[in-house]
Amino acid sequence: MRLIPMLASLLLTTVLSACVATPTAQVSKTDLDSPITDQGYASVQTFASGPAVGANRSNIEMASDFLDLEFRMESGRALPVLTRFEGPITIAMTGDVPPAARSELAKVVSRFQREAGLNVSVVTGGQGSITIDFRPKSDLRRAVPSAACFVVPNVSSFNAYMKARGTVAVDWTRISRREKVAVFVPSDTSPQEVRDCLHEELAQAMGPLNDLFRLSDSVFNDDNFHAVLTGFDMLMLRTHYSPELRSGMNEAEVAARLPGILARLNPAGQSRAGAARQLSPRVWISAAEEAFGSRGSAAARPIAAERMLSIAKAQGWRDGRLAFSYFALGRAQTGRDLPAAIASYTEAARIWRTQPGGQIHAAHVDMQLAAFALSSGQFDHAIALTDRSIKVVRQFQNASLLATMLAIRSEALDATGRSSEARAARLDSQSWARYAFGSDAQVRARMADIAALARRGRRG
């Protein structure tokens with residue numbers, strides 16, 4: 001299940017909302033008051049289908065991750081046996097299919113075939129082993145309020161799910177083999193959200209059902225920093241469908257076979273150092289949900305972030321969960337104590353840069369710091385921060401973060417008199433923003449917020 005942006009996507013607006021007054025009617029000096037069209041601006045861009053990051057941890061660690069992903073659910077409930085499709089997998093789409101969906105599905109299916117070795121294909125008309133049902137956001141949120149998109153067993157349509165909801169028929173713990181699965185994705189959303197939902201929900205429809213906060217190199221993580229499937233995720237899927245395993249095996253049976261499977265599929269992981277890591281305690285997960293979620297008061301979020309950090313330190317963590325705790329604290333401190341927020345963000349980035357796949361997390365921090373720099377008139381520093389991270393963000397294929405960083409860079413370049421470079425960055429930002437945010441109105445709103453930061457910095 002991919003959450004409504006309670007975490008990573010929401011963080012893109014943290015600095016903006018903390019630093020910017022309500023923008024004036026004029027959006028900015030960047031000509032965004034005229035229509036954003038293919039003739040006036042660069043057309044919407046999309047990413048190629050290549051992998052974002054490889055799997056580069058020890059097989060001992062990844063075996064532990066595999067078991068925790070396979071035999072537990074996001075709710076904490078245990079799954080008694082491994083389940084998968086036995087035989088070829090077909091994928092069909094139904095409902096109000098958005099324009100971006102077909103090309104994005106083709107790209108991710110190609111990756112499933114190439115990187116995970118899956119026997120999976122797209123079919124037109126009728127139902128597939130997996131049916132992707134595109135529905136309005138309002139329908140999906142009425143069914144599962146916290147989810148942007150989600151996956152359900154034993155049904156092929158939203159209507160069938162609504163009839164069976166709450167019964168054993170759609171209970172993952174009651175099945176021993178996957179026969180049919182439905183994936184529910186919003187039809188009225190941006191191309192990026194469609195893509196992100198297809199990546200995570202199709203992977204969970206076929207493979208592991210759990211998310212783990214400790215994974216810095218995976219989409220199977222409720223922090224939502226990774227937008228597309230990683231090399232680690234593809235290795236988990238390849239392992240899930242290895243011939244040594246079958247539906248109905250219990251955890252002990254799978255654990256006995258994992259060392260040999262991973263040695264064969266990922267020989268480089270045999271020589272890497274690493275140890276199994278513990279599950280995150282429910283109290284820390286609850287604190288994370290409170291720190292970033294829509295529930296609870298604004299006053300409660302800093303307390304929850306402090307609690308996250310306290311638990312992380314008590315657990316002795318040195319991984320992404322400690323970094324995420326510092327990140328939560330930095331977000332809570334924004335608008336209240338800027339030097340403290342910068343210190344917390346900086347420590348989060350330092351830790352993330354030591355973690356496999358953590359470069360994209362650190363790039364989120366650089367966006368926050370670049371926005372601070374822009375709003376305080378430190379334009380050269382804002383440029384340096386975007387210089388450091390834009391290449392990383394392109395590699396990890398996060399268009400919303402890329403559009404935001406390019407817009408910050410454009411405003412900072414313009415403020416330092418580098419007009420031609422500023423215009424190039426602005427056009428690049430707009431084209432990625434259309435993929436990330438969808439409508440021209442949302443693109444304008446994001447650009448307006450960032451222009452307001454720059455105006456504040458010029459006055460400073």
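Is it the case, given these coordinates, that LEU140 is in contact with a Leu (Cβ under 7 Å, 6 or more places away or on another chain) and either of a type in the set (A, V, I, L, M, F, W, C) or farther than 30 Å from ASN56 by Cα (or both)?
So LEU140 fails the test.
So ARG434 ticks every box in (1) closer than 25 Å to LEU338 by Cβ; (2) modelled with pLDDT under 95; (3) surrounded by 24 or more Cβ atoms within 10 Å (Cβ to Cβ) but one. Which box is left unticked?
(1)
So in region 139-179, with the set limited to residues that are among the basic types (Lys, Arg) and out of contact with any helix residue (DSSP H, G or I) (no Cβ under 6 Å at 6 or more places or on another chain), which one is surrounded by the most Cβ atoms within 10 Å (Cβ to Cβ)?
Across region 139-179, the extreme among qualifying residues is ARG178.
Exactly one of (1) in a helix (DSSP H, G or I); (2) within 21 Å of LEU215 (Cα to Cα) is unmet by GLY357. Its number?
Unmet condition: (1).
Could we say that ASP233 is assigned to a loop (DSSP other than H, G, I, E, B), touching a Phe, Trp or Tyr at 6+ places or on another chain (Cβ under 7 Å) and within 22 Å of GLU200 (Cβ to Cβ) here? Quick ask: steps written out before the conclusion?
Details: assigned to a loop (DSSP other than H, G, I, E, B): no; touching a Phe, Trp or Tyr at 6+ places or on another chain (Cβ under 7 Å): yes; within 22 Å of GLU200 (Cβ to Cβ): yes.
It is false that ASP233 is assigned to a loop (DSSP other than H, G, I, E, B), touching a Phe, Trp or Tyr at 6+ places or on another chain (Cβ under 7 Å) and within 22 Å of GLU200 (Cβ to Cβ).
Going by the structure shown, is ALA304 free of Cβ contacts under 8 Å to residues at least 40 places away in the same chain, over 24 Å from PRO356 (Cα atoms) and exposed (fewer than 14 other Cβ atoms within 10 Å of the Cβ)?
Spelling it out, it is not the case that ALA304 is free of Cβ contacts under 8 Å to residues at least 40 places away in the same chain, over 24 Å from PRO356 (Cα atoms) and exposed (fewer than 14 other Cβ atoms within 10 Å of the Cβ).
Provide a single number: the residues in region 236-252 that are in a helix (DSSP H, G or I) and in contact (Cβ under 8 Å) with a residue 60 or more places away in the chain.
Residues in region 236-252 being in a helix (DSSP H, G or I) and in contact (Cβ under 8 Å) with a residue 60 or more places away in the chain: 6 in total.
Of ALA288, ALA255, which residue is in the same structural domain as ALA147 (by TED's automatic domain parsing), surrounded by 13 or more Cβ atoms within 10 Å (Cβ to Cβ) and under 23 Å from ASN221 (Cα atoms)?
ALA255
Please work out if SER218 is among the polar types (S, T, N, Q) and under 14 Å from the mean Cα position of the chain (by Cα).
Numbers: among the polar types (S, T, N, Q): yes; under 14 Å from the mean Cα position of the chain (by Cα): yes.
So SER218 passes the test.
Look at ALA332 and say whether it is at pLDDT below 95, part of a helix (DSSP H, G or I) and not polar (S, T, N, Q).
yes
Any idea which of PRO136, PRO191 is over 24 Å from GLY87 (Cβ atoms) and surrounded by fewer than 18 Cβ atoms within 10 Å (Cβ to Cβ)?
Answer to the selection: PRO136.
Going by what's in this entry, would LEU427 be described as part of a helix (DSSP H, G or I), buried (at least 21 other Cβ atoms within 10 Å of the Cβ) and either at pLDDT below 95 or not β-branched (Val, Ile, Thr) (or both)?
no
Can you find a residue in region 193-213 that is among the acidic types (Asp, Glu), touching a Gly at 6+ places or on another chain (Cβ under 6 Å) and touching a residue at least 60 places away in the same chain (Cβ under 8 Å)?
Looking for residues that are among the acidic types (Asp, Glu), touching a Gly at 6+ places or on another chain (Cβ under 6 Å) and touching a residue at least 60 places away in the same chain (Cβ under 8 Å), one finds none in region 193-213, hence no.
Which residues, counting only those in region 160-180, are of a type in the set (Ser, Thr, Tyr) and not in a helix (DSSP H, G or I)?
Answer for region 160-180, where residues must be of a type in the set (Ser, Thr, Tyr) and not in a helix (DSSP H, G or I): THR167, SER176.
Give the number of residues within region 110-133 that are surrounded by 19 or more Cβ atoms within 10 Å (Cβ to Cβ) and within 21 Å of SER157 (Cβ to Cβ).
Number of matching residues: 7.
The values are calculated or read from the model by the stated rules, or taken from the named source; none is laboratory data. Worth saying up front: this structure is predicted, and the values here are computed from it rather than measured. Glycine gets a Cβ as well: all are built from the backbone with ideal geometry, and neighbour counts include every protein chain shown.
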